[in-house]
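Written below as structure tokens is the structure these notes are about.
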Amino acid sequence: MTDRWSAWITGTAACLTVAVLAWIAADLIRGVGVVRWQFFVHGPEDFGRGGGVAPMIVASLWLVLISWAVVIPLGILAATALVVGRLHQWPGLRWVEWALDLLAATPSVVIGLFGNAFFCVALGLGFSLLAGGLTLGCMTLPLFVRTTQIGLQAAVTQHYATASALGLALPTTLLRIVLPAAGPAMSAALILATGRSLAETAALIFTSGYVPRMPLSAFDSGRSLSVHVYDLAMNVSGGDQAARGTALVLVVLLLAINAASRLLLGQHGIGILHSVNVGRSNTRA
Amino acid sequence: MYRTITELGIKGSLVAGVVAPIVLVLSIFGFLTIEAWPALVDVPWAEMLFRPAWHPAVEADQGDFGLAAMLVASLAVSLGAVLIAGPVAWLTGIWAAFYAPPRWSQGVLRCMELLAGLPSVVIGFWGLVQVVPLLGELAAPGTCLLAGCIVLAAMILPGLVIAFYVGMRGVAAELQLAAAAVGLRRWTFVQRIVRPALRQPTVDALIVQGGRALGETMAVLMVVGNVVQFPTSWWDPVRPITANIALEMPYAEGIHRATLFAGGLMLLGVIALLVIAMRLQWRREGA
Amino acid sequence: MASLSIPHRLLLLLLISAITVLAATWRHPSRSARVVVTGSSTIAPLMAEIGREFERLHPGIHIDVQTGGSSRGIVDVRRGLADVGMVSRSLRAEEADLTAHLIARDGIGLIVHADNPVRELKREEIVALFTGQLSNWQQLGWLDLPVVIVHKASGRSTHELFLEHFGLSDRDIDADVVIGDNEQGIKTVGSNRAAIGYVSIGAAEYAQAHGQSIRLLPLEGIAPSSDELMAGRYPLARQLNLVTRGTPSPPAQQLIDFTLSSEAAPMIRRMYFVPHDN
């Protein structure tokens with residue numbers, strides 16, 4: 001086959017690929033008329049056909065912040081331990097890698113089942129933002145650990161030998177040198193995890209529920225933006241336009257998040273983003 | 001003294017950090033098993049695995065608890081997605097890696113990142129308002145296996161394109177100059193050198209994305225019609241196991257609820273096997 | 001601080017604004033009593049409406065309404081996840097541990113797309129349609145169009161009562177789409193010319209009145225309307241109940257009393273249900 005023919009064929013495939021994105025975007029854009037400033041400050045009316053999405057924004061904020069409370073402490077500890085452990089050749093690290101890979105591959109609906117059984121029923125939290133946020137924390141943990149780990153590994157490679165040569169103790173090395181150096185990677189990891197949380201729907205339906213009301217505390221049930229899109233699309237006849245508007249708000253939020261993580265990670269980070277998207281762990285030497 | 005205590009504290013918390021993911025995985029398995037236990041005991045395994053009839057009830061002897069049709073539906077819908085997205089992504093990767101001007105290939109990659117960033121519920125919504133009515137023109141009502149495959153294909157497309165592109169550029173960086181020096185045409189280079197070199201990474205990427213498709217819930221649930229049956233054609237409505245969980249979990253009770261957890265456990269088992277296979281494969285590669 | 005990069009500032013900004021918003025919306029749990037109401041998707045829109053009015057009259061009490069089907073209402077009340085369950089049928093013998101409060105009557109009606117010219121279906125025709133023996137609208141004197149059967153997921157009382165009335169078993173049904181809430185059924189039928197399904201009459205009348213392209217079919221010659229329900233003539237009628245277990249909390253009891261009061265009756269009628277008193 002000549003190069004000209006192959007260029008045509010592959011080029012057509014590329015057009016098709018981009019056309020999918022264009023098609024989805026073209027449909028979403030039709031919802032732009034719904035999004036006015038009132039959309040952000042009012043609650044839904046007439047089952048979401050009118051009004052706004054203020055309670056869903058607040059519920060999403062709750063969910064994200066609660067998931068941070070799980071992800072930040074556990075994630076930083078796990079990532080640091082993986083990097084330090086590799087340096088000191090701790091036994092059994094391989095199992096942690098396996099566990100993280102498995103967690104990353106676990107379908108969100110299965111994590112939701114766990115969240116329902118553990119947080120809602122066993123811990124007695126019921127359908128609440130707290131239960132939903134904790135579930136999201138478990139879900140995004142591997143993503144956060146993997147991304148943080150990359151930054152930590154770079155910092156360790158760069159500074160650890162020097163620090164040891166200077167006779168600095170492990171805590172000093174970690175707290176004063178390695179962790180600060182990995183700061184951007186950690187923030188990027190947090191942003192990526194936040195994006196994943198905001199996009200999630202399945203794990204939330206039976207952990208945080210879908211009450212379309214302004215949540216008054218973390219013990220209330222709340223409906224995230226993504227669950228609202230689902231409900232409008234499936235259960236509200238004449239709700240398509242509002243669903244487009246809500247989806248648009250969600251997507252713009254996620255785009256901002258993606259841009260922020262790109263800024264943080266710099267040129268080096270494109271590879272990280274790619275490997276995260278591809279779902280393959282990138283810790284192999 | 002102070003130093004050693006701090007050091008001990010830090011080491012202790014690091015150990016806690018390293019143990020946390022393992023504990024989490026074990027508790028997921030544990031809680032799923034506990035919740036699924038009544039079903040594992042009371043419903044014959046042969047019924048769950050091989051019977052297609054799903055008429056759940058609170059008591060084991062009042063209903064049918066066959067997961068077979070839903071397992072098959074899950075496999076069919078993800079396989080279909082891989083079959084649709086795989087070739088398109090492979091060709092797009094070739095174009096971006098070898099034919100496109102750098103600016104254009106960067107553009108395609110940016111688009112893929114955008115597509116990868118869309119929440120599944122948004123892609124499902126697109127499927128519901130655009131793909132389903134279109135398929136409905138051909139065969140009403142349009143909610144069917146094929147719609148699920150298309151929606152999932154759109155979801156896994158970006159991951160595949162990026163994986164293929166990164167792999168192809170890797171090969172090209174090593175060999176493209178040499179190939180050009182001996183006068184190979186680009187297509188010959190792709191077919192004879194890139195394709196064999198990337199056989200394993202390609203299979204890996206397809207498995208990873210197929211696994212994602214297998215676990216996807218909302219996008220599929222919105223477009224497949226959710227009728228429990230063995231699919232006999234692309235136009236049949238089906239209900240994958242994930243959709244079943246999301247549909248019935250909010251109100252299930254007793255054995256019904258336990259069977260849903262058993263379905264989740266099965267799904268987790270399949271995913272775990274995939275992950276283990278991949279890890280073993282990598283280790284062999286690394287050796 | 002000056003050295004913070006832009007994304008870091010964004011993160012900080014997000015954190016601060018999130019905390020501000022949450023602090024602004026936070027109410028101390030003990031200051032506002034909460035009543036969790038879950039269950040039937042038929043009753044949920046009504047209780048959401050009544051709850052809003054109730055909250056206006058009783059500031060400090062917060063009503064949470066979630067759907068999921070009648071079974072969920074019963075499960076949640078038994079598990080203590082909900083204070084009040086919504087059940088759109090009468091309680092069964094094995095559910096004697098719960099107390100039912102009858103709030104209204106409703107029926108289950110067959111719906112088709114507004115374009116569908118079929119005006120009436122006989123009992124045998126309905127059975128034949130849902131079991132797949134009649135599979136084309138041509139056989140009923142319309143276009144050559146394969147019938148799309150919209151069926152409810154099991155565990156929904158609408159599903160159980162429908163099957164019971166026609167003496168069918170879930171195993172006999174040859175469905176094309178399986179749906180959850182009434183609204184999903186209405187949306188599916190309204191966007192599909194060849195579809196036929198069954199939903200709560202109240203929900204269907206409400207949707208029709210709000211311009212949805214569906215039409216209710218009479219059943220055994222009797223129109224599915226509030227009047228016929230009130231007269232007790234419609235064959236596939238059912239109770240709408242609120243259920244509780246043991247002694248309800250004071251705010252839950254207040255909510256039930258309010259729902260049963262004459263103040264709530266107009267709201268019930270606005271949702272095209274028949275208030276209990278009539």
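Rundown of residues vs (1) at pLDDT below 90; (2) within 10 Å of chain A (Cβ to nearest Cβ), yes/no style:
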residue	(1), (2)
B:R192	yes, no
B:L214	no, yes
B:M218	no, yes
B:R239	no, no
B:A243	no, yes
B:T259	no, no
B:R283	yes, yes
(message) Please determine whether any residue of segment C:146-156 is in contact with a Gly (Cβ under 9 Å, 6 or more places away or on another chain) and part of a helix (DSSP H, G or I).
(response) no
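Might you let me know whether segment C:117-137 holds any residue that is part of a strand (DSSP E or B) and either without any contact (Cβ under 8 Å) to a residue 60 or more places away in the chain or hydrophobic (A, V, I, L, M, F, W, C) (or both)?
Checking segment C:117-137: at least one residue is part of a strand (DSSP E or B) and either without any contact (Cβ under 8 Å) to a residue 60 or more places away in the chain or hydrophobic (A, V, I, L, M, F, W, C) (or both).
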(message) Exactly one of these conditions fails for A:F114: (1) touching a Cys at 6+ places or on another chain (Cβ under 9 Å); (2) under 23 Å from A:I257 (Cα atoms). Give me its number.
(response) (2)
(request) Just need a number here: residues in segment C:29-50 that are buried (at least 22 other Cβ atoms within 10 Å of the Cβ) and more than 20 Å from C:Q239 (Cα to Cα). (result) 2
(request) Scan segment A:119-161 residue by residue and report those that are hydroxyl-bearing (S, T, Y) and closer than 24 Å to B:G12 by Cα. (result) A:T140, A:T147, A:T148, A:T157, A:Y160
(request) Take the residues in segment B:110-130 that are at pLDDT 90 or above and either in contact with a Phe, Trp or Tyr (Cβ under 9 Å, 6 or more places away or on another chain) or of a type in the set (D, E, K, R) (or both), then tell me which one is nearest to B:A163 (Cα to Cα). (result) B:M112
(message) Just the residues that are within 9 Å of chain C (Cβ to nearest Cβ) and either under 18 Å from the mean Cα position of the chain (by Cα) or surrounded by fewer than 24 Cβ atoms within 10 Å (Cβ to Cβ) (or both), please, taken from segment A:214-233.
(response) A:M214, A:L216, A:S217, A:A218, A:F219
(request) Could you list all residues from segment C:251-278 that are without any contact (Cβ under 8 Å) to a residue 12 or more places away in the chain and closer than 15 Å to C:V35 by Cβ? (result) C:Q253, C:D257
(request) Considering only residues that are within 7 Å of another protein chain (Cβ to nearest Cβ) and in contact (Cβ under 8 Å) with a residue 60 or more places away in the chain, look in segment A:94-106 and name the one that is nearest to B:F261 (Cα to Cα). (result) A:A105
(request) Read through the list (1) assigned by TED's automatic domain parsing to the domain that holds C:L216; (2) touching a Lys or Arg at 6+ places or on another chain (Cβ under 6 Å); (3) under 24 Å from C:G39 (Cβ atoms), then give the number of the only condition that C:V112 fails. (result) (3)
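Yes/no matrix, rows are residues, columns are (1) out of contact with any His (no Cβ under 8 Å at 6 or more places or on another chain); (2) within 20 Å of C:I61 (Cβ to Cβ); (3) surrounded by 15 or more Cβ atoms within 10 Å (Cβ to Cβ):
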| position | (1), (2), (3) |
| --- | --- |
| C:I222 | yes, no, yes |
| C:D227 | yes, no, no |
| C:R233 | yes, no, no |
| C:N241 | no, no, yes |
| C:G246 | yes, yes, no |
| C:T259 | no, yes, yes |
| C:E263 | yes, yes, no |
| C:M267 | yes, yes, yes |
(request) Collect the residues in segment C:223-278 that are at pLDDT below 90, within 21 Å of the chain's Cα centre (by Cα) and among the hydroxyl-bearing types (S, T, Y), keeping them in residue-number order. (result) C:S225, C:S226, C:Y272
(message) Among the listed residues B:G142, B:G127, B:G183, B:G159, identify the single one that is at positive phi and either among the aromatic types (F, W, Y) or buried (at least 21 other Cβ atoms within 10 Å of the Cβ) (or both).
(response) B:G142
(message) For segment B:242-287, give me the residue count where each residue is more than 25 Å from B:L26 (Cβ to Cβ), buried (at least 24 other Cβ atoms within 10 Å of the Cβ) and hydrophobic (A, V, I, L, M, F, W, C).
(response) 1
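From A:I72, A:I29, A:I24, A:I57, grab the single residue that is within 21 Å of C:A48 (Cβ to Cβ) and within 24 Å of the chain's Cα centre (by Cα).
A:I57
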(request) Scan segment C:194-226 for residues that are without any contact (Cβ under 8 Å) to a residue 40 or more places away in the chain and touching a strand residue (DSSP E or B) at 6+ places or on another chain (Cβ under 7 Å) and jot them down. (result) C:A207, C:Q208
(request) Considering each of A:P44, A:P55, A:P91 in turn, give the residue that is more than 8 Å from chain B (Cβ to nearest Cβ) and within 20 Å of B:P21 (Cα to Cα). (result) A:P91
(request) Check B:G264 against each of (1) within 22 Å of A:M234 (Cβ to Cβ); (2) in a helix (DSSP H, G or I); (3) more than 7 Å from chain A (Cβ to nearest Cβ) and name the one condition it does not meet. (result) (3)
(request) Would you check which residues across segment A:159-177 are farther than 24 Å from A:P73 by Cα and either touching a residue at least 12 places away in the same chain (Cβ under 8 Å) or in contact with a strand residue (DSSP E or B) (Cβ under 8 Å, 6 or more places away or on another chain) (or both) and list them? (result) A:A163
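Determine whether A:F144 is in a helix (DSSP H, G or I), within 25 Å of the chain's Cα centre (by Cα) and either free of Cβ contacts under 8 Å to residues at least 24 places away in the same chain or facing chain B (nearest Cβ under 9 Å) (or both).
Details: in a helix (DSSP H, G or I): yes; within 25 Å of the chain's Cα centre (by Cα): yes; either free of Cβ contacts under 8 Å to residues at least 24 places away in the same chain or facing chain B (nearest Cβ under 9 Å) (or both): no.
So A:F144 does not fit the description; no.
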(request) Give the residue that is surrounded by the most Cβ atoms within 10 Å (Cβ to Cβ), with candidates limited to residues of segment C:81-102 that are of a type in the set (G, A, S), more than 16 Å from C:A48 (Cβ to Cβ) and touching a residue at least 60 places away in the same chain (Cβ under 8 Å). (result) C:A100
(message) Going through B:W104, B:W45, B:W37, B:W54 one at a time, which residue ends up being over 29 Å from A:L134 (Cα atoms), modelled with pLDDT of 90 or more and not basic (K, R)?
(response) B:W104
(request) Return only the number of the condition from (1) within 9 Å of chain A (Cβ to nearest Cβ); (2) touching a helix residue (DSSP H, G or I) at 6+ places or on another chain (Cβ under 7 Å) that B:P87 does not satisfy. (result) (2)
(request) Filter segment B:162-180 down to residues that are within 30 Å of B:L118 (Cβ to Cβ) and surrounded by fewer than 22 Cβ atoms within 10 Å (Cβ to Cβ) and give me whichever is farthest from the chain's Cα centre (by Cα). (result) B:A172
(message) Out of C:A175, C:A194, C:A252, C:A203, I need the residue that is within 14 Å of chain A (Cβ to nearest Cβ) and buried (at least 21 other Cβ atoms within 10 Å of the Cβ). Which one?
(response) C:A203
(request) Return only the number of the condition from (1) under 28 Å from C:R92 (Cβ atoms); (2) among the basic types (K, R); (3) in a loop (DSSP other than H, G, I, E, B) that C:R193 does not satisfy. (result) (1)
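The values are calculated or read from the model by the stated rules, or taken from the named source; none is laboratory data. This structure is a prediction, so every number in the text was calculated from the model and none was measured. Don't worry about glycine lacking a Cβ; one is built from the backbone with ideal geometry, like all the others, and counts go over all protein chains shown.
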